[in-house]
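The next block holds one structure in the form of structure tokens; read it before the comments.
The values are calculated or read from the model by the stated rules, or taken from the named source; none is laboratory data. From a predicted model like this one, the values you see are computed outputs, not experimental measurements. We place every Cβ from the backbone using ideal geometry, glycine too, and count neighbours over all the protein chains shown. Side chains included, ligands, DNA and RNA excluded: accessible areas come from the protein's heavy atoms. Shrake-Rupley method; radii C 1.70, N 1.55, O 1.52, S 1.80 Å.
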Amino acid sequence: MGVKVGMIGAGAMGEALISGLLRSELVKDNDVIASDVSEERRRYIEKNIGVKTTVNNVEAIAEARVIILAVKPQNIFEVLDEISWTVASSQLVISIAPGITTAAVEERLNEDVAVVRVMPNTPALIGDGISAICFGRYVSGEDERIAEAIMASVGKVVKVPEKLMNAVTGLSGSGPAYAYLIIEALSDAGVKMGLPRATSTLLAAQTLTGAARMVLETQRHPGELKDMVTSPGGTTICGLYELEKGGLRGILMNAVEAATNRSKELGGKE
Ligand SMILES: NC(=O)c1ccc[n+]([C@@H]2O[C@H](COP(=O)([O-])OP(=O)(O)OC[C@H]3O[C@@H](n4cnc5c(N)ncnc54)[C@H](OP(=O)(O)O)[C@@H]3O)[C@@H](O)[C@H]2O)c1
């Protein structure tokens, strides 16, 4: 890609993105400058990731083609107020702050700047996330390609209209927590049936990983894959019957709806 990147906020997600960019060789270590208010984080990033850091957000983005805003939503406007005078229309701003619209970022900047909004999820920290991205009104085709390549360095990428970002938050943003709960519950169930805890958790987690990969790699409908492991009068149909009686589908659908609604309440404008 060969572009310079200024990363504002070098916390968990900032670190994951810098690592992803270096790992996938999209940028070289001397093409990235990360800024963070925390001296401890700056020292950690320089020592462990090997890119230059600064406390000065303006310095971090001075020569950047891409500016990534990787601070919490409550800090984003103070950061924008600090850098707005220097951000030029030749730069691309990528924001990963939930609930902050592309229009809200555009309005804070002096020039007509390309703004991309991203909703990543936690498995990005191990390079296996999924990010939904949407584009502001000044985004060019080249900007789109750059933003997609950057997010692809930490997982999969889907493009959605901005009005669907709250639904993405409710599904894939909050989704890892749903999956952890399911894995924990399956592990408890295995322990109840006599399995040692470590074995039970491994069986549960790998079963979810394997099943998810079957859906992604075979591209078959999940219902068809379910039917393939459900033999007449067998064990699986007895388990499935209990899940249906307990209303698992409805519960999961309600969970995504509740999280989507909460995302809207928290200011996730569309
Ligand atoms: N982690 C995830 O899995 C995940 C998933 C989806 C979306 N996100 C979003 O990604 C963004 C970053 O999340 P994160 O988990 O990486 O948060 P984080 O670990 O708290 O990282 C943010 C970093 O920015 C620093 N910071 C705060 N104000 C600053 C300022 N004015 N200038 C420069 N740096 C500043 C923070 O320092 P202090 O801690 O000292 O304030 C912290 O080191 C958030 O908007 C979050 O909602 C994260």
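If you wrap the tightest convex hull around every Cα atom of the range 5-165 and split its volume per residue, you get 96 Å³. Relative contact order for the chain: 15 percent, from Cα pairs under 8 Å spaced at least 6 residues apart, divided by residue count.
Straight Cα distances below 15 angstrom link residue 47 to the aspartates and glutamates 15, 29, 36, 39, with same-chain residues fewer than 8 positions distant left out. Rg and Dmax of the chain, based on Cα coordinates, read 21.3, 69 Å.
FRET efficiency for the residue 227 to residue 192 pair, using the beta carbon distance and R₀ = 25 Å, is estimated at 0.35.
In the context of the full set of protein chains, residues of the chain present 55 Å² of accessible surface per residue (probe radius 1.4 Å, heavy atoms only). Helices of the chain meeting both criteria, an alpha-carbon length of 15 angstrom or more along the long axis and an average Kyte-Doolittle score not below 0.5, with helices taken as full DSSP H segments, are 12-23, 175-192.
The modelled label-to-label distance between residue 218 and residue 203, using points 7 Å beyond Cα along the C-beta direction, is 2.2 nm. Once the Cβ-Cβ distance of residue 89 and residue 25 is raised to the sixth power relative to R0 = 22 Å, the FRET efficiency obtained is 0.20.
Remark: relative contact order (the range 173-265) = 16 percent; criterion is Cα-Cα distance under 8 angstrom and separation of 6 or more residues. Here the dipole of the range 5-165 is about 460 debye; that uses its Cα centre as origin and unit charges on the Cβ of Lys and Arg (positive) and Asp and Glu (negative). Per the Debye formula on identical point scatterers at the alpha carbon atoms of the range 120-270, with no solvent, log10 I(q)/I(0) at q = 0.12, 0.13 Å⁻¹ is -0.67, -0.78. For the chain, the dipole from Cβ point charges (+1 on Lys and Arg, -1 on Asp and Glu) about the Cα centre works out to 700 debye, to the nearest 20. Split the accessible area of the chain by element, probe 1.4 Å, and carbon with sulfur accounts for 57%.
From the Kirkwood radius over Cα pairs of the range 1-88, Stokes-Einstein at 10 °C and 1.306 mPa s returns a whole-number translational diffusion coefficient of 125 µm²/s. Here the range 173-265 is assigned +1 on the Cβ of each Lys and Arg and -1 on the Cβ of each Asp and Glu. Its dipole about the Cα centre then comes out at about 100 debye. The GluC sites (Glu not before Pro) of the range 63-164 meeting both criteria, a DSSP state outside H, G, I, E and B (loop) and at most 12 other C-beta atoms within 10 angstrom of the site's C-beta, are 63.
Students often get this wrong, so check it: of 156/264; 72/159; 72/163; 226/264, which have C-alpha atoms separated by over 32 Å? Correct reply: 226/264.
Note on residue 264 and residue 149: their simple-model spin labels are 3.8 nm apart, each label 7 Å out from Cα toward Cβ.
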